[in-house]
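What follows is a short report on a single structure.
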Amino acid sequence: MDDRDRGGLPRTVEALLGLPEDLLRPAPDTANRSLTLAETEMLRNLDVEFRGNGLPEERYSRLIRNGAVLHMKNACSPTPRDVKIVTPRWAVEAAGAIGAGAAERIAAPGVRILGDPGLLSAVPSRPEPVPDEPPRVLGHRCPKRRGRG
């Protein structure tokens, strides 16, 4: 699927199954953004503390994976000045080569392919744009939660 076309998967499924257009809707609270460096570091430190205190995995999943991470991705809005984690060029190129091999293996037996298998090997031609202002590690906008009671 083309990451730039968030509606591509539901439209394809609708077409394959003969469903009316726009019947399938994206699930709410499903932002597909990467975490910033500050968010990742906070979660990494929280993970160390959580696991260092022997807390149960079920609680970790509920509070961290399905709580803090989803909240940050869906309710917080990083600014252009927040530091993004950038995949090193060598890793992007290696992933592209692996994707090219996968595309060849998928196409080899003559299966019907929907979409562009070339996307599996696509490597961005230029790096992330550099902001005009110096980056910051902390300070993106996240709404304050109201207290209970």
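The values are calculated or read from the model by the stated rules, or taken from the named source; none is laboratory data. Since this is a predicted model, take the numbers as computed values, not measurements. Ideal geometry is used to build each Cβ from the backbone, glycine not excepted, and the neighbour counts take in all protein chains shown. Remember, those area values only see protein heavy atoms, side chains included, never the ligands or the DNA or RNA. Shrake-Rupley method; radii C 1.70, N 1.55, O 1.52, S 1.80 Å.
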Query - Cleavage-rule hits (GluC sites (Glu not before Pro)) in region 5-74: DSSP loop, at most 10 neighbouring Cβ within 10 angstrom - result: Glu21
Query raised in the report: Alpha carbon centre of region 51-83 versus region 106-121: separation in Å?
Result: 35 Å
Requested in this report: Return the carbon/sulfur percentage of the accessible area of region 41-106, one whole number, probe 1.4 Å, all protein chains in place.
Outcome: 60 percent
